[in-house]
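Below: one structure, written as structure tokens.
Since every read-out is calculated from the coordinates, none of them should be taken as a lab result. What you see is a predicted model; the values in this text were computed from it and never measured. Cβ placement follows ideal geometry from the backbone for every residue including glycine, while neighbour counts extend to all protein chains displayed.
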């Protein structure tokens, strides 16, 4: 599933996990908003979730993930599996067009409506139209610099904003 219209990036380094996202909202070829917030803290501030895709769909999925986190007492992996199962099997949910990136102290996950729950091998994960640009930059910075996780996220999102027309440099950053 290719989802346009944003860039969300997570980096884990030296015990710190940082998630950042841009603030651009695009409808067709027009930028409608520059300062949207596509990242939220869930379950007692122990989980950070970002979405790429339709805002309404992303928000609906984050709400469902939060309910699953409550049900499974903060177990992100179990909550994500249950959300992905519901998302894939429910007629209404199947129509939602978004991807979720979710992190806690132990896991970094990409969750999709195809039933995917992917934990990357590297401590870097990106989603959205600029996700691959940001992820590539983050991997290079991670391996070749002493920058912190937050500095890597900021620099990588800035690089993505210069390449991807659906990404801007109005960033929201959250840390665990």
Apart from one, (1) over 12 Å from residue 102 (Cβ atoms); (2) within 15 Å of the chain's Cα centre (by Cα) all hold for residue 42; the odd one out is (1)
The lone condition residue 97 fails out of (1) under 18 Å from residue 39 (Cβ atoms); (2) in contact (Cβ under 8 Å) with a residue 40 or more places away in the chain is (1)
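Restricting attention to the stretch 70-84, which residues are in contact (Cβ under 8 Å) with a residue 12 or more places away in the chain and more than 19 Å from the chain's Cα centre (by Cα)?
Listed by number, the list holds a single entry, 70.
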When the stretch 8-47 is checked residue by residue, the ones that are assigned to a loop (DSSP other than H, G, I, E, B) and either in contact with a helix residue (DSSP H, G or I) (Cβ under 9 Å, 6 or more places away or on another chain) or without any contact (Cβ under 8 Å) to a residue 40 or more places away in the chain (or both) are 14, 15, 22, 24, 28, 29, 36, 38, 43, 44, 45, 46
